[in-house]
Amino acid sequence: MADSPTFGRYAAATLPARRTALLLVDMQHYFVDPRHPFGRQLAQVIPEASAAYFQRVREIVLSNAQRLLEAFRKRGEFVAFTEFGSLERSGADLPGWARRHNARGIESVGSPVYPCLEDPSCRIDPVVAPRPGELVLRKNTSGPLNASALDRTLRTLGIDTVVICGLVTDVCVTQSAREFGDRDFDAIVVEDACATVNETRHLAALESLATSFGFVARTVDVLRLLGGN
């Protein structure tokens, strides 16, 4: 992968204990396993991008997200997960952009790419599965704050910094960071713990985020900042 944006880096010496949360965005089976409609449609439309995306997810994103998860749990920090899909089996409750994606999926592979949240493919991959008691938010929007009161929950807990990783970079990951930035949280996207369908879109999303709404960091940076407390 080419060099990522060098501006917008989180400049503090540490991540504040008991004031920092980890959010794992949409690390669900259907975004991780190419056998689901999302992967099958991607393979039809952009076959070269499909192979690279799923390789990055398997070899880089899942392992880095697992490292972050272990470190946050070890330090006793708040951890939350999101799952994206429709509440209605028809998908009618999804926003227009997702309904359009689903229509293309039905046309190309015979199934919507974003399934109903009741579908087993909407569950989080076992590599980064939540533990009992950890928060899992099911949403039918790209960002979690449009579909939940997560920001109020974090404020009540005294949290003002959110580290974000997951899938996919230029849709739900950076949308989550933008929502948190608008609500005056420090939002940090972990660049090597997220992915999208090609490198150009991945880097462009990070660069756009880093100009105004949040920060960009690597897994090793976040682990170092966690260890500094």
Options V79, V136: the member that is open to solvent by 50 Å² or more (accessible area, probe 1.4 Å), part of a strand (DSSP E or B), modelled with pLDDT of 95 or more and not charged (D, E, K, R): V136
Set A205, A187, A195: member being in contact with a Phe, Trp or Tyr (Cβ under 7 Å, 6 or more places away or on another chain), modelled with pLDDT of 95 or more and closer than 21 Å to L42 by Cα: A195
Restricting segment 180-229 to residues that are assigned to a strand (DSSP E or B) and within 20 Å of F54 (Cα to Cα), the residue that is most open to solvent (accessible area, probe 1.4 Å): D192
Residue match in segment 13-35 (condition: charged (D, E, K, R) and surrounded by 19 or more Cβ atoms within 10 Å (Cβ to Cβ)): yes
Pair list, Cβ < 8 Å and 6+ apart or interchain, from segment 188-216 residues that are free of Cβ contacts under 8 Å to residues at least 60 places away in the same chain and more than 21 Å from S63 (Cβ to Cβ) to residues that are open to solvent by less than 10 Å² (accessible area, probe 1.4 Å) and among the small types (G, A, S): F213/A177; F213/A187
Looking only at segment 51-76, and only at residues there that are open to solvent by less than 10 Å² (accessible area, probe 1.4 Å) and not β-branched (V, I, T), the one that is nearest to Y30 (Cα to Cα): F54
Residues being assigned to a loop (DSSP other than H, G, I, E, B), of a type in the set (A, V, I, L, M) and touching a strand residue (DSSP E or B) at 6+ places or on another chain (Cβ under 6 Å) - total across segment 16-36: 1
Selection count, segment 165-176, where residues are out of contact with any Asp or Glu (no Cβ under 7 Å at 6 or more places or on another chain), open to solvent by less than 10 Å² (accessible area, probe 1.4 Å) and more than 13 Å from F213 (Cα to Cα): 2
Residue within segment 102-114 that is β-branched (V, I, T), open to solvent by less than 30 Å² (accessible area, probe 1.4 Å) and under 18 Å from the mean Cα position of the chain (by Cα) present: yes
Among the candidates P144, P130, residue that is within 24 Å of L22 (Cα to Cα), in contact with a Phe, Trp or Tyr (Cβ under 6 Å, 6 or more places away or on another chain) and assigned to a loop (DSSP other than H, G, I, E, B): P130
Search result, residues across segment 151-179 that are out of contact with any Gly (no Cβ under 6 Å at 6 or more places or on another chain), assigned to a helix (DSSP H, G or I) and closer than 29 Å to Y53 by Cα: T169, D170, V171, C172, T174, R178
Count - residues of segment 37-48 that are part of a helix (DSSP H, G or I), in contact (Cβ under 8 Å) with a residue 60 or more places away in the chain and exposed (fewer than 15 other Cβ atoms within 10 Å of the Cβ): 2
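The values are calculated or read from the model by the stated rules, or taken from the named source; none is laboratory data. Keep in mind it's a predicted model, so treat the numbers as computed, not measured. No Cβ is skipped: glycine too gets one built from the backbone with ideal geometry, and neighbour counts run over all protein chains shown. What goes into the accessible areas is simple: the full protein's heavy atoms, side chains included, and nothing from ligands, DNA or RNA. Shrake-Rupley method; radii C 1.70, N 1.55, O 1.52, S 1.80 Å.
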